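Computed from the coordinates by the stated procedures, all read-outs in this text should not be read as laboratory data. These numbers were taken from a predicted model, which means no experiment stands behind them. Heads up, the Cβs are rebuilt from the backbone with ideal geometry, glycines too, and the neighbour counts pull from every protein chain shown.
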Amino acid sequence: MEFLKVGDFWTYQIPEWDNYEKDILEKILFKLDFISVSGYIMALEADVWKIEYQDNTFRLANDLVHGCEIKTDSEEALPLMQELIKKLPLE
């Protein structure tokens with residue numbers, strides 16, 4: 001699994017979720033019992049959810065330009081982010 005460093009964040013693209021609308025992503029996220037959604041931001045061109053997983057914070061962003069991606073600002077959290085991605089229902 002390859003992570004891309006963009007500015008202060010490590011990111012991973014989730015192309016399977018690129019075309020999902022906010023409502024669909026929220027239904028998926030709130031059904032997952034291994035994460036906690038602790039916040040939501042409606043940015044200019046993106047929907048961003050703050051996700052807590054094993055005492056680490058990740059951001060899931062979905063926008064029209066970059067598609068869907070998960071990100072963290074902690075390089076030490078990359079193994080956990082990889083574990084989280086493997087648990088997501090990517091269809």
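The table below lists the values:
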read-out	value
Cross-chain or 6+ apart pairs with Cβ under 6 Å, the stretch 67-85 first and farther than 24 Å from Ala43 by Cα, then among the aliphatic types (A, V, I, L, M)	Gln82/Met1
Evaluation of Leu44 against (1) exposed (fewer than 12 other Cβ atoms within 10 Å of the Cβ); (2) touching a helix residue (DSSP H, G or I) at 6+ places or on another chain (Cβ under 8 Å); (3) among the hydrophobic types (A, V, I, L, M, F, W, C) (one fails), failing number	(2)
Qualifying residue in the stretch 43-55 (condition: in contact with an Asp or Glu (Cβ under 7 Å, 6 or more places away or on another chain) and among the polar types (S, T, N, Q))	no
Test for Glu69: is it buried (at least 16 other Cβ atoms within 10 Å of the Cβ), acidic (Asp, Glu) and under 17 Å from Glu2 (Cα atoms)	yes
Boolean, Thr11 is closer than 17 Å to Leu88 by Cα and buried (at least 16 other Cβ atoms within 10 Å of the Cβ)	yes
